[in-house]
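Quick notes on the structure that follows.
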Amino acid sequence: MKRATILFLGPCRKFDPATSKPFPAFSPNSRSGRFLRNAIDATAASSEVGIRFDNVIPRALFDKEGRERYPTCGELVEELEGHALWKLATSDVVIGLSAIVGEALQKVQSARLEAGDCAGPTLVRLEHPSFMMRRPVHERTDYVRRLRNCIHLAVDTAISPKAVALASA
């Protein structure tokens, strides 16, 4: 059986003041990275799933005053058009973490479909971990449940083509 890939995709890297460099995507040393990884661990993710982390924009963004900022949807769309995620199989799942990443993913996927490109992973939208960390406990628990459903979707999607082939043999 093909091992499904789940790619957790955030907007851009966060700046690490201790090293003066951006954190790796959802680093276990960042608060949101630690929260997301703990949530994934709480789902008891299957061994059939490979977990990867990335950001649409692989660097931290700053405004004119030198303060860290979030990207615009247009900036995300521009970066997404050439992103490696489109090389993932249709049996893989990309989880866009934040409303703006989800919106940008939908725009690029729609443009790709209009151009006749039907390949690519299944896209799912979830809230960004930094948002969920500030929510009440019952909402964070619901987040873990929805994350578990996304992981099951990835496993089911990876298994489906093989199951269909075995059933028709």
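The residue of the range 1-39 that is nearest to Pro58 (Cα to Cα), among those that are aliphatic (A, V, I, L, M) and either surrounded by fewer than 17 Cβ atoms within 10 Å (Cβ to Cβ) or without any contact (Cβ under 8 Å) to a residue 40 or more places away in the chain (or both), is Ala25.
Somewhere in the range 142-165, is a residue assigned to a helix (DSSP H, G or I), acidic (Asp, Glu), at pLDDT 85 or above and more than 19 Å from the chain's Cα centre (by Cα)? Checked against the condition, which is being assigned to a helix (DSSP H, G or I), acidic (Asp, Glu), at pLDDT 85 or above and more than 19 Å from the chain's Cα centre (by Cα), the range 142-165 yields no hits at all. Condition check: open to solvent by less than 40 Å² (accessible area, probe 1.4 Å) and without any contact (Cβ under 8 Å) to a residue 60 or more places away in the chain. Does Ala104 satisfy that? For Ala104, the condition - open to solvent by less than 40 Å² (accessible area, probe 1.4 Å) and without any contact (Cβ under 8 Å) to a residue 60 or more places away in the chain - is met.
The residues in the range 77-97 that are closer than 21 Å to Gly50 by Cα and open to solvent by less than 30 Å² (accessible area, probe 1.4 Å) can be counted, and the count is 11.
Scanning the range 64-103 for residues that are part of a strand (DSSP E or B) and under 22 Å from Val144 (Cβ atoms) returns Val93, Val94, Ile95, Gly96, Leu97.
Determine whether Glu127 is open to solvent by 40 Å² or more (accessible area, probe 1.4 Å), over 18 Å from the mean Cα position of the chain (by Cα) and at pLDDT 90 or above. It is false that Glu127 is open to solvent by 40 Å² or more (accessible area, probe 1.4 Å), over 18 Å from the mean Cα position of the chain (by Cα) and at pLDDT 90 or above. Among the residues of the range 146-156, just one is open to solvent by 80 Å² or more (accessible area, probe 1.4 Å) and within 15 Å of Leu36 (Cβ to Cβ), namely Arg148. Scanning the range 40-76 for residues that are of a type in the set (A, V, I, L, M) and open to solvent by 30 Å² or more (accessible area, probe 1.4 Å) yields a count of 4. Summed over the range 1-24, the residues that are closer than 22 Å to Arg134 by Cα, among the hydrophobic types (A, V, I, L, M, F, W, C) and modelled with pLDDT under 90 give a count of 2.
Are any of the residues in the range 29-47 part of a strand (DSSP E or B) and modelled with pLDDT under 85? So far as the range 29-47 goes, no, none of its residues is part of a strand (DSSP E or B) and modelled with pLDDT under 85.
The values are calculated or read from the model by the stated rules, or taken from the named source; none is laboratory data. Remember, it's a predicted structure, so these values are computed and weren't measured experimentally. No Cβ is skipped: glycine too gets one built from the backbone with ideal geometry, and neighbour counts run over all protein chains shown. Heads up: the accessible areas ignore ligands, DNA and RNA and are worked out on the full protein's heavy atoms, side chains in. Shrake-Rupley method; radii C 1.70, N 1.55, O 1.52, S 1.80 Å.
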